[in-house]
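Colleague: So that we are looking at the same thing, I have put the structure below in structure tokens.
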Amino acid sequence: MIVRILPAVLVAVLLQTAAALATTNHGLRAIHALTAARHSDVDHVTSDEVAAKLSTAPEGVLILDVREATEFQVSRIPGARRVSPTMDADTFRRRFGKDIDGRKVVLYCSVGVRSTELASRIRSATLAAGATSVANLTGGIFSWHNERRDLVNESGPTDRIHPYNTFWGTLIERDHLISYDAHAQAAASGSEDTTNR
């Protein structure tokens, strides 16, 4: 039991230390390096690669948001579908099996920890079901947001982003756009940052 708990605790401490000691972009890179080392079986794609695929051949990619519903409601990458961070491979295959054949499956969460863990769990079954690849979005939605890429919610385009919590929220640039409530942004209309998108 201790053998299983110790690596998880060590990784959690290292991830929090990397985030606390680094600037926003360096922190996201450090977290990615630690996460990638822990799950060497998972491929990673950059936001430039995903944005290019979405603009040229969106039907060839399935974007999955591996965050909680409250995070997803605040904002998400256009076209993303939410999936539970705790989903197992069999449940994933039953839910998405018909949607993955011949497509690249890209998963993201806030910074890449939850999405990399899910990618590792579903990789073999997803490839066996016909996906062309399974990859984690490097830096997650925080990098996507920090690079001023498009985000949406149920009301349309938004610049708001859920920080997961106050600690991880330190990795978000333009922190005035942090929101824990998708409905609160309607009351704050006019405060969206639409410059340099």
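Colleague: From the list 157, 163, exactly one residue is surrounded by fewer than 24 Cβ atoms within 10 Å (Cβ to Cβ), more than 19 Å from residue 112 (Cα to Cα) and not small (Gly, Ala, Ser). Which is it?
Modeller: Working: 163 fails: more than 19 Å from residue 112 (Cα to Cα).
After applying the criteria, what remains is 157.
Colleague: Residue check: is residue 130 over 16 Å from residue 75 (Cα atoms) and either loosely packed, with under 15 Cβ neighbours inside 10 Å or aliphatic (A, V, I, L, M) (or both)?
Modeller: yes
Colleague: So if I check each of 19, 30, which one is within 19 Å of the chain's Cα centre (by Cα), modelled with pLDDT under 60, surrounded by 16 or more Cβ atoms within 10 Å (Cβ to Cβ) and of a type outside the set (S, T, N, Q)?
Modeller: 19
Colleague: Search the range 168-178 for residues being in contact with a helix residue (DSSP H, G or I) (Cβ under 7 Å, 6 or more places away or on another chain) and assigned to a loop (DSSP other than H, G, I, E, B), and hand back the single one that is nearest to residue 68 (Cα to Cα).
Modeller: Looking at the filtered set, the residue picked out is 172.
Colleague: Mind checking which residues of the range 40-53 are more than 15 Å from residue 137 (Cβ to Cβ) and either under 14 Å from the mean Cα position of the chain (by Cα) or small (Gly, Ala, Ser) (or both)?
Modeller: 40
Colleague: Further, regarding this structure: I'd like to check which strands (runs of 3 or more DSSP E) are fully inside the range 54-148 and have at least 1 residues that are within 21 Å of residue 30 (Cβ to Cβ), among the hydroxyl-bearing types (Ser, Thr, Tyr) and under 15 Å from the mean Cα position of the chain (by Cα).
Modeller: Result: 104-108.
The values are calculated or read from the model by the stated rules, or taken from the named source; none is laboratory data. The shown structure was predicted, so the numbers you read here are calculated from the model rather than taken from an experiment. Methodologically, a virtual Cβ is constructed for each residue, glycine included, from the backbone with ideal geometry; neighbour enumeration extends over all protein chains shown.
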